[in-house]
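Read-outs: derived from the displayed coordinates by stated rules, not from any lab. Given the structure is predicted, the values throughout are model-derived calculations rather than measurements. Reconstructed Cβ throughout: ideal geometry from the backbone, glycine too, with neighbour counts over all protein chains shown.
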Amino acid sequence: MLPGLDGTEVARRIRQTSNVPRLNLYSRFSLRRLLRHGRAEVRRSLQARTVALAVILTLAVAIVFSGVSITSVCASLLNQITQQSRNDYSNMVQQTQTSLDAADVSSTVQVQQLVNDLASSLQSIGSPHDSIVISDIKAS
């Protein structure tokens, strides 16, 4: 309800000054009828089709851009983690080699004890997945 004018008169005046698509809303309407009316307006109106196409293309570009951005970020994080793991591994190998070179061991028991000590030390520094490799070293 509009004061002084009814909806039909307002729609008629808008039609005289503009070719903008309109959608009449009533106090009682069904969603199916509203959608049908909206589809009919889109079919009739080049402007509405152009806007709909622009919206669809914008959404498509946003989705593609988001996918590319997420892929790029994941690749960058993976490269950083890989490089850090390589650096950590290299440092652990150097520490182990230094410890082995500095040790004065003459018997197999002393060598085994040194290897066990180094494996325990590396296990406390490394990740949980390293324990599998370290247990293989101890067994050999």
Cα-based Rg of region 50-102 normalised by 2.2 N^0.38 Å, two decimals: 2.30
FRET E, pair ALA62, ARG86, Förster distance 25 Å, beta-carbon r, rounded to 0.05: 0.10
Sites GLU41 and ASP6 - FRET efficiency at Förster radius 25 Å, r taken between beta-carbons, to 0.05: 0.75
